[in-house]
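Here is the structure we will look at, set down as structure tokens.
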Amino acid sequence: MRYSAIAESYEEIEATTKRLKMTDHLVKLLSETPYEVIDKVVYLTQGKLYPDFVGIDIGVAEKLAIRATAKATGYAERVIEGDLKQTGDLGNTTQRFLEKKAQVILFREPLTVQKVYEQLDKMAKASGSGSLDQKINLLAGLLANASPQEAKYIIRTVTGNLRLGIADMTVLDALAIAYGGGKEARDGLERAYNISSDLGEVAKTVVEKGMTGIEKLEVSIGRPIKPMLAERLSSPEEILEKLGGECIAEFKYDGERVQAHKQADNLILFSRRLENITEQYPDAVELLRKNAKVKDAIVEAEIVAIDPDTEEMKPFQELMHRRRKYGVKEAMEKYPISLFMFDVLYLNERDLTLKPYSIRHKHLERIIEQGDRVKIADYLVTDDPSELEEFFEKAVENGCEGLICKSLSKDAVYQAGARGWLWIKYKRDYKSEMTDTVDLVIVGAFYGRGKRAGTYGALLLAAYDPDEDMFKTVTRCGTGFTDEDLEKILEMMEKHRISHRHPRVQSTIEADVWFEPKAIIEIIGAEMTLSPIHVCAMDAIRKGSGLAIRFPRFTGNYRLDKLAEDATSVKEIIEMYKGQLRKVNG
Ligand code: ATP
């Protein structure tokens, strides 16, 4: 196929403003494209050489493209740059210079799609010393054989400025009409695309095998599946009703979604946006190698940052430290992670995406050997709204955003690439952000691990309730302590240590060590939430719930000047919660 056919089609597409007309042009182009290059033509029309997940860009800088144009046309770079200032588009400029030169060219070999693709591919893959020159030569070689119109589009393609506006969905529409027998084929093609993320592959399949081939296209290792997404509702009653009275509710972890493709010991990790993030997470790779007891599989999980000393979950922002190309090993040690597994889409050569979630979940439990750092997402099967609410509060209490409630019906397939009602998220509508510090009494402690072995990993803290003369737990804090603080606290608390919970302390949590309520420290938290676990303000806002401070941090201030009874009171905590309550959008 001649590249000029593509260039002419681009010209027509560029001139249209109506999507339907654009689809018509694309239908024409794709119908005329032979099978051997259909995938390449599909990638090229989107300014690519490969599907996105492969991660190979043509990416030629403008400066370099100018040099290639100069070389191909014999004009000085300066002159070309001057013209570029006028046109504002290097494609147009190159076309103009080639038109000038065309008058002196007598013969040129016509460019084929195959040839253009091959040369662009070589450019994309050129690396190391000398690659710059190699790229210039390859591009200049192409331009020298191109017509002015072809040159315009080659330049726009390599510099990432093709901008024909052909969306994935337009290509699918065009393929449906050109090869699927009509618009009705669109849904089938879309599903094939959603489970392969590869438009070229979809095009090749429909051209070669028709819609029967498309229906048979299965997920495969190495090709990411577009993620299934959740709708949202704001009450347990609505959620249960929508899901047919019963659901499996899972913690909604606040981390980064990952789709792991495992083939024996080889693993590829894809992000939510289907980028290959394998290099960023060698620890996740290792964990899956060890704990996924299966040869080949595609599983989904949330990667969550963990505090190495307390094993508590950290907010999503903490994972930002893991987004790097260099220093991966150091970041890995400093910012460890846990994996919370929540789906399996492929298992030993079997595509599970059309199986109901209840079955997929059973497979997941069977193949994942849980350990400290790999767990199945915490879940509860329920048909009871108050149980669901309680589980939600437990999730929030544990540092999660809320719940994802999933359908247990036999039609609950994995809806790749779709946001549907088979998964419903339940996040807090209200949260109360903390701006003030609070003074809390140390009533218990938990032994530290890792770096904190020998000291306390976290402290159990309480507010004071003068009406009952009781100290009621409101949070567990393991953050903000320096090594000196940890030593100091160990020593300072020794004299208050007792063998059981103090009678004036109320707590549903079992601490490793209990103290008399004496010492006060100052804390700031990210927000306050309802909690089924902490007993401070129990039943005050909602029956069965107390209030908790999330993501608490020691400010560095010991309030040893205060008596325990001077600690922030339960009443004050309630006022803070109410006062700072605000509607959270989104
Ligand atoms: P979007 O809906 O656009 O993804 P978002 O990124 O805020 O917005 P939500 O819709 O709120 O995500 O929730 C879906 C995301 O929740 C998933 O993409 C996944 O990363 C995360 N998640 C955490 N725990 C689970 C779980 N148990 N099951 C499914 N997804 C989970």
Which one, Cys400, Leu380, Ile368, projects farthest toward the positive side of the charge dipole computed for segment 364-407 from Cβ point charges (K/R +1, D/E -1)? Ile368
Can you give me the distance in nm between label points at Glu215 and Lys85, each placed 7 Å from the Cα along the Cα-to-Cβ direction? 6.3 nm
Could you give me the percent of Cα pairs per 20 Å distance bin for the chain, shortest bin first, beginning at zero and ending with the bin that holds the maximum distance? 18, 38, 28, 14, 2, 0
Of every hundred units of 1.4 Å-probe accessible area on the chain, the number belonging to carbon and sulfur atoms, as a percent, is 48 percent
Trypsin sites (Lys or Arg not before Pro) restricted to DSSP loop in segment 481-549 with at most 10 other C-beta within 10 Å: Lys495, Lys543
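List the GluC sites (Glu not before Pro) in segment 504-586 that DSSP assigns to loop (not H, G, I, E or B) and whose Cβ has at most 12 other Cβ atoms within 10 Å. Which are they?
Glu510
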Among the lysines, which have Cα under 18 Å from the Cα of Lys518 when same-chain residues fewer than 8 positions away are ignored? Lys472, Lys488, Lys495, Lys562
Magnitude of the charge dipole, segment 438-585, Cβ model with Lys/Arg +1 and Asp/Glu -1, debye to 20: 620 debye
Across segment 179-257, how large is the tail of the calculated P(r) beyond 14 Å, expressed as a percent of all Cα pairs? 70 percent
Per-selection metrics, segment 438-585 (Cα): Rg and Dmax in Å: 14.6, 48
So, relative contact order of the chain in percent, Cα under 8 Å, 6 or more apart, is 11 percent
1.4 Å probe accessible area per residue over the chain, in Å²: 45 Å²
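So what is the calculated 222 nm ellipticity per residue for the chain, using -39500 (n - 2.57) for each DSSP H run with n of 4 or more, over all residues, to the nearest 500 deg cm²/dmol?
So the helix-based figure for the chain works out to -11500 deg cm²/dmol.
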Suppose R0 equals 41 Å. What FRET efficiency, 1/(1 + (r/R0)^6) with r the Cβ-Cβ distance, do Ala264 and Glu433 give to the nearest 0.05? 0.30
Looking at segment 233-431 from every direction and averaging, what is the projected area of its Cα convex hull in nm²? 10.9 nm²
Going down the list Lys226/Lys325; Lys242/Lys578; Lys122/Lys329; Lys21/Lys204; Lys63/Lys329; Lys375/Lys571, which pairs span over 28 Å between their C-alpha atoms? Lys242/Lys578; Lys122/Lys329; Lys63/Lys329; Lys375/Lys571
Report ³J(HN,Hα) in whole Hz for each residue of segment 538-553, in order, from the Karplus equation J = 6.51 cos²θ - 1.76 cosθ + 1.60 where θ = phi - 60°; Gly and Pro get x. 4, 6, 6, 9, 9, 4, x, 10, x, 10, 9, 9, 8, 6, x, 9
Out of the GluC sites (Glu not before Pro) in segment 330-391, which ones are loop residues according to DSSP with at most 13 other C-beta atoms within 10 Å? Glu349, Glu369
With Cα atoms, 0 to 90° folded angle of helix 186-196 axis to the chain main axis: 70 degrees
Assuming 0.36 nm per residue, please report the length gained on full extension of the stretch Lys334 to Glu365 beyond their Cα-Cα distance. 8.2 nm
Sort 66-73, 147-154, 226-233 by the packing proxy (mean of other Cβ within 10 Å over each peptide's residues), most packed first. 147-154, 66-73, 226-233
Angle between the Cα long axis of helix 148-158 and the longest principal axis of the chain, 0 to 90 degrees, nearest 10? 20 degrees
Just need the relative contact order of segment 233-431 here, percent rounded to a whole number, with Cα pairs under 8 Å and 6+ apart. 31 percent
What do you get for the angle between helix 3-15 and the principal long axis of the chain? Use alpha-carbon atoms, 0 to 90 degrees, nearest ten. 60 degrees
Return the inverse of the average 1/r over all pairs of distinct C-alpha atoms in segment 313-454, which is the Kirkwood hydrodynamic radius, in Å to one decimal. 18.7 Å
Give the Rg (one decimal place) followed by the Dmax (whole number) of segment 248-287, computed from C-alpha coordinates and expressed in Å. 11.4, 33
Could you tell me what fraction of 2.2 N^0.38 Å the Cα radius of gyration of segment 1-128 comes to, as a two-decimal ratio? 1.17
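The values are calculated or read from the model by the stated rules, or taken from the named source; none is laboratory data. Just so we're clear, the structure is a prediction, and the values are computed from it rather than from any experiment. Virtual Cβ from ideal backbone geometry, glycine too; neighbours counted across all protein chains shown. SASA here: full protein model, heavy atoms, side chains in, ligands and nucleic acids out. Shrake-Rupley method; radii C 1.70, N 1.55, O 1.52, S 1.80 Å.
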